[in-house]
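Below is one structure, written out as structure tokens; comments come after it.
The values are calculated or read from the model by the stated rules, or taken from the named source; none is laboratory data. Since the model is a prediction, treat every value here as computed from it, not as a measurement. Every residue, glycine as well, gets a Cβ built from its backbone with ideal geometry; the counts of neighbours run over all protein chains shown. For accessibility, only protein heavy atoms count, side chains too; no ligands or nucleic acids. Shrake-Rupley method; radii C 1.70, N 1.55, O 1.52, S 1.80 Å.
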Amino acid sequence: MLPRVILHNAVSLDGRIEGFPLDMQQYYELASTWKEDATLAGSQTFLKAAVEAPPEDESAFLPIQADSEDRRPLLVIPDSRGRIRTWHYLRSLPYWRGFVALCSRSTPQEYLHYLEHRHIDCIIAGGEHVDLRAALEEICSRYGVKVVRVDAGGTLNGLLLRQGLVDEISLLIYPSLVGGETQSSIFRAPDLPLPAGPSWQAPEGVISLHLIDAQRLKGDVMWLRYEVRH
Ligand SMILES: NC(=O)c1ccc[n+]([C@@H]2O[C@H](COP(=O)([O-])OP(=O)(O)OC[C@H]3O[C@@H](n4cnc5c(N)ncnc54)[C@H](OP(=O)(O)O)[C@@H]3O)[C@@H](O)[C@H]2O)c1
């Protein structure tokens, strides 16, 4: 079984996900809307934040205490290349009750040992990269996860969208225009093939959405929520 998957992103009016002032408090207050069982986040964010991590100490090797009353989500990160070495720091933050690294058959063995010694759970799905569908199924069956909120950039979002794994899209649209030529958007994926017919015809593969809520928030931010039509 697959969990319900929600993408929650803050964007500028021209669809950029970076390069404009963001109200992080508002973003994370609204992120609690879905009371997710797991947060699926991209590794790039944590690799960037690695500079904030203190060096590891012996607490990194202690088992993580499971508490059935703990309602905080699991933090799940695809990391097939075994690049995240700051789990000890993530463990010290108050946001998550447990941690799962998504790896693949190409993940270096040394990294799998690294995770094991630090009691970080690991799901191996896929060959070169993580097979996201299989990983989501495993998260659901292993941990009983029913709702996943995705906190990611365009690459991970794009993979999930193109594989039909997303159920809802929540966008905080900021009154900012960023511009620029580098691609930073909520949905990065290979171009769709152009339709053979007239140019106004949508190509095969365009994702159709249904608006479920629209609110104007503090700071002229618009909060739009869409259901993905499967
Ligand atoms: N404005 C917003 O709302 C918002 C929210 C979140 C993040 N961001 C920004 O977005 C930027 C990037 O975000 P991000 O860290 O989420 O990274 P991302 O660039 O969207 O995605 C990277 C993740 O996708 C995985 N991935 C890449 N190719 C894959 C494939 N073929 N199959 C399966 N998985 C694959 C990577 O795993 P591997 O390492 O295994 O390749 C990695 O975990 C950051 O700078 C962050 O600040 C903005």
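Considering only residues that are in contact (Cβ under 8 Å) with a residue 40 or more places away in the chain and either in contact with a Lys or Arg (Cβ under 8 Å, 6 or more places away or on another chain) or open to solvent by less than 90 Å² (accessible area, probe 1.4 Å) (or both), which ones fall in segment 50-78? If you could, list the steps in order and put the result at the bottom.
As a first pass, look at segment 50-78 and keep what is in contact (Cβ under 8 Å) with a residue 40 or more places away in the chain: 60-64, 73-74, 76, 78.
Within segment 50-78, ALA60, PHE61, PRO63, ILE64, PRO73, LEU74, VAL76, PRO78 qualify.
So GLY180 passes all but one of these: (1) in contact (Cβ under 8 Å) with a residue 12 or more places away in the chain; (2) not assigned by TED's automatic domain parsing to the domain that holds PHE20. Which condition number does it fail?
(2)
Could you tell me whether ASP14 is outside any strand (DSSP E or B) and within 24 Å of GLU137 (Cα to Cα)?
Spelling it out, it is not the case that ASP14 is outside any strand (DSSP E or B) and within 24 Å of GLU137 (Cα to Cα).
Can you tell me which residue among ARG81, ARG133, ARG85 is of a type in the set (Lys, Arg), in a helix (DSSP H, G or I) and not assigned by TED's automatic domain parsing to the domain that holds LEU171? Before you say what the answer is, go through the steps one by one.
On the way: ARG81 fails: in a helix (DSSP H, G or I); ARG85 fails: in a helix (DSSP H, G or I).
Only one candidate passes the filter, namely ARG133.
Given the conditions (1) open to solvent by less than 40 Å² (accessible area, probe 1.4 Å); (2) modelled with pLDDT of 95 or more, which single one is not true for ARG81?
(1)
Can you tell me which residue is farthest from ASP151 (Cα to Cα) among those in segment 95-119 that are of a type in the set (A, V, I, L, M) and open to solvent by less than 10 Å² (accessible area, probe 1.4 Å)?
Within segment 95-119, the subset of a type in the set (A, V, I, L, M) is 100-102, 112, 115.
Checking which are open to solvent by less than 10 Å² (accessible area, probe 1.4 Å) leaves us with 100-102, 115.
Values: VAL100: 15, ALA101: 15, LEU102: 15, LEU115: 22 Å.
Among residues in segment 95-119 that are of a type in the set (A, V, I, L, M) and open to solvent by less than 10 Å² (accessible area, probe 1.4 Å), the one farthest from ASP151 (Cα to Cα) is LEU115.
Which residues, counting only those in segment 184-201, are surrounded by 10 or more Cβ atoms within 10 Å (Cβ to Cβ) and without any contact (Cβ under 8 Å) to a residue 60 or more places away in the chain? Spell out how you get there, then give the answer.
Let us first name the residues in segment 184-201 that are surrounded by 10 or more Cβ atoms within 10 Å (Cβ to Cβ), namely 184-189, 192, 194-195, 201.
Across segment 184-201, the qualifying residues are PHE187, ARG188, ALA189, LEU192, LEU194, PRO195, GLN201.
Based on what the data block shows, is GLU56 in contact with a His (Cβ under 6 Å, 6 or more places away or on another chain) and not aliphatic (A, V, I, L, M)? Let's see the steps before the verdict.
Details: in contact with a His (Cβ under 6 Å, 6 or more places away or on another chain): yes; not aliphatic (A, V, I, L, M): yes.
Criteria met by GLU56.
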